[in-house]
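In what follows, a structure is listed as structure tokens, so that the remarks can point back to it.
The values are calculated or read from the model by the stated rules, or taken from the named source; none is laboratory data. Predicted model only: the values in this text are computed from it and were never measured. Here Cβ is always computed from backbone atoms with ideal geometry, including for glycine, and neighbour counts include all displayed protein chains. For accessibility, only protein heavy atoms count, side chains too; no ligands or nucleic acids. Shrake-Rupley method; radii C 1.70, N 1.55, O 1.52, S 1.80 Å.
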Amino acid sequence: MNLAIVVSKFNTEITSGLLRGAKQYLEEHDVYVRDTDIFEAPGAFEIPLIAQSLARSGHFDGVICLGCVIKGETAHFEFISLGATTGIMQAMLKSKVPISFGVLTTYNDDQALKRSLPDAHNKGKEAAAACFETLQVLDRIRELD
């Protein structure tokens, strides 16, 4: 299983925790992501294009997307969150490659930090698990042919 990870450089305290969680989950399942297969996005809004490009490259079986958008005082939060969410979903459906959604959309810093800690509730782990498990289901479907 050859996976890529796209991680936002914005809110790096949070996204680095998500990345550690994703890598930990994958290593527990004997999947290792090389440093060269980790791609930084400037922010959450840019993640879908990078993920779609990786999915279409033919080099990866799946892509894990990690980012964090924290609500501020303007509507910016809603637009970035919606753009990242729908963009990632559209990239997955167009490329037919599993692209998992590990972009936190929280109302404050504490909520984001809790979801990026090195524990069972780490959302990076959950995003890695979603990609890994989706690939397993798709393999089962392909075996039906």
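Helix check for the chain. Which DSSP H runs span at least 24 Å along their own axis by Cα, with a mean Kyte-Doolittle hydropathy no less than 0.5?
Span-like helices here: 76-95.
If 60, 39 are ordered by their accessible area, calculated over protein heavy atoms with a 1.4 Å probe, which sequence runs from highest to lowest?
Final ranking, largest accessible area leading: 39, 60.
Probe radius 1.4 Å, ligands and nucleic acids ignored: give me the carbon and sulfur share of the accessible area of the chain as a rounded percent.
That share works out to 54 percent.
Where in region 78-106 does the amide nitrogen come within less than 15 Å of the point 7 Å from the Cα of residue 142, taken along Cα to Cβ?
Correct set: 96-99.
Just how large is the dipole of region 1-70 about the Cα centre, in debye to the nearest 20, putting +1 at every Lys and Arg Cβ and -1 at every Asp and Glu Cβ?
Charge dipole, region 1-70, about its Cα centre: 160 debye, nearest 20.
With a cut-off of at most 11 other beta carbons within 10 Å, and DSSP calling the residue loop, which trypsin sites (Lys or Arg not before Pro) in region 1-57 qualify? Please list them.
In loop regions of region 1-57 (DSSP not H, G, I, E or B), the sparsely surrounded trypsin sites (Lys or Arg not before Pro) are 34.
For the chain, take the convex hull of the Cα atoms, compute a quarter of its surface area, and give me that in nm², please.
8.4 nm²
Could you state the accessible area per residue of region 8-104 in Å², with a 1.4 Å probe and every protein chain left in place?
I get 53 Å² per residue for region 8-104.
Of the listed pairs 71/114; 94/125; 71/94; 9/94; 71/96, which have alpha-carbon separations greater than 20 Å here?
94/125; 71/94; 9/94; 71/96
Per DSSP H run of at least 4 residues, take -39500 (n - 2.57); add these up for the chain, divide by its residues and hand me the 222 nm value, nearest 500 deg cm²/dmol.
So the calculated ellipticity at 222 nm is -16500 deg cm²/dmol.
With every atom except the alpha carbons ignored, what do you get for Rg and Dmax of region 60-145, in angstroms?
Final numbers for Rg and Dmax: 14.9, 52 Å.
Kindly report, to the nearest 10 Å², the accessible surface of residue 59 as traced by a 1.4 Å probe over protein heavy atoms only.
Counting only protein heavy atoms, the figure is 120 Å².
Taking the full set of protein chains and a 1.4 angstrom probe, give the accessible area of residue 97 in square angstrom, rounded to the nearest 10.
Using a 1.4 Å probe on the heavy atoms, I get roughly 20 Å².
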